[in-house]
Amino acid sequence: MKTAIITGGSRGIGRAVTIGLAEAGHHVVINYAGNEAAAQDTLNAVLSNGGHGELACFDVGDEEAVTATIKLLAKAHGRIDVLVNNAGISVDGLLARFKAEDWNRVLQTNLSGAFHCLKAVTRPMMKQRYGRVINIGSVVAASGSAGQPAYCAAKAGLEGLTRSAALELAGRGITVNCIAPGFVDTDMTQALPEERRQAILDQVPAGRMATPEEIAAAVVFLASDGGAYITGQTLGVNGGLYL
């Protein structure tokens with residue numbers, strides 16, 4: 001059975017990706033940093049559907065914790081087949097007032113965290129000459145977004161990391177790709193005022209937000225044998241919001 005690690009796998013897109021990969025036959029490792037109840041609920045959903053999985057609590061921004069945990073997982077399962085770098089945070093604010101500590105916190109989780117996890121899985125994946133890495137980016141990496149300087153910078157950096165890693169690892173049977181969602185119907189967007197939600201929908205040619213499951217479907221494909229010849233790419237899943 002293939003093993004897949006999903007960072008930030010307990011809620012929203014991460015939860016949908018976790019369930020999707022479990023349904024595709026992977027043993028899923030659900031990473032979380034603080035919300036154990038949500039992580040356990042996601043694991044219960046996997047197990048109740050006949051899937052296999054476990055929890056792994058660590059902060060992706062902590063390189064030592066990432067390295068130690070992934071080393072233990074590789075030893076326990078004999079291999080690491082899939083890494084989905086989904087963990088992320090957002091701190092909004094206008095550039096002129098944006099605090100340096102907020103900038104550092106966002107980049108530490110969203111970009112450095114992906115780097116730490118990618119670096120940690122590289123050795124076992126190279127040894128087995130197989131691997132699938134899928135980074136969850138965002139449409140704002142290309143379009144920009146006023147009031148989100150750190151988030152946009154981190155997601156743009158994630159696309160650059162994707163391309164560089166893809167070139168380095170392609171010869172070892174490892175693909176590295178990025179999925180850039182547009183607006184997704186999650187707890188965060190559901191909490192927006194109705195007028196704000198409508199303003200968002202007015203920008204989307206498809207006339208609706210994506211479901212987390214639609215993002216997960218793209219991840220599952222890239223993690224499959226069908227995605228073996230796709231690497232270094234950013235796939236926009238945005239309903240035509242940015243072309």
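The values are calculated or read from the model by the stated rules, or taken from the named source; none is laboratory data. Here the structure is a predicted model, which is why all the values come from computation and not from measurement. All Cβ positions, even for glycine, are placed from backbone atoms using ideal geometry, and neighbour counts span all protein chains on display. Side chains included, ligands, DNA and RNA excluded: accessible areas come from the protein's heavy atoms. Shrake-Rupley method; radii C 1.70, N 1.55, O 1.52, S 1.80 Å.
The table below lists the values:
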quantity: Tabulated pairs, the range 189-212, first over 24 Å from residue 179 (Cβ atoms), second of a type in the set (D, E, K, R), C-beta under 6 angstrom, 6+ apart or interchain; calculated: none
quantity: Whichever residue in the range 44-59 is in a helix (DSSP H, G or I) and open to solvent by 20 Å² or more (accessible area, probe 1.4 Å) and, among such residues, is farthest from residue 133 (Cα to Cα); calculated: 48
quantity: Matching residues, the range 186-221, being hydrophobic (A, V, I, L, M, F, W, C), closer than 16 Å to residue 241 by Cα, modelled with pLDDT of 95 or more and in a helix (DSSP H, G or I); calculated: 215
quantity: Residues located in the range 134-184, provided they are outside any helix (DSSP H, G or I) and surrounded by fewer than 16 Cβ atoms within 10 Å (Cβ to Cβ); calculated: 144, 145, 146, 147, 173
quantity: Neighbours by Cβ (under 6 Å, 6+ apart or cross-chain): first from the range 111-136, basic (Lys, Arg); second buried (at least 17 other Cβ atoms within 10 Å of the Cβ); calculated: 132/82; 132/175; 132/223
quantity: Criterion: crowded, with 23+ Cβ neighbours inside 10 Å, touching a Ser or Thr at 6+ places or on another chain (Cβ under 8 Å) and under 26 Å from residue 38 (Cβ atoms) - qualifying residue of 84, 66; calculated: 84
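Yes or no, residue by residue, for (1) of a type in the set (Gly, Ala, Ser); (2) assigned to a helix (DSSP H, G or I); (3) at pLDDT 95 or above:
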{"residue": "29", "(1), (2), (3)": "no, no, yes"}
{"residue": "34", "(1), (2), (3)": "yes, no, no"}
{"residue": "42", "(1), (2), (3)": "no, yes, yes"}
{"residue": "61", "(1), (2), (3)": "yes, no, yes"}
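Residue by residue, here is whether (1) under 21 Å from residue 68 (Cβ atoms); (2) under 15 Å from the mean Cα position of the chain (by Cα); (3) crowded, with 20+ Cβ neighbours inside 10 Å; (4) small (Gly, Ala, Ser) holds:
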site: 15; (1), (2), (3), (4): no, yes, yes, no
site: 19; (1), (2), (3), (4): no, yes, yes, no
site: 24; (1), (2), (3), (4): no, no, no, yes
site: 30; (1), (2), (3), (4): yes, yes, yes, no
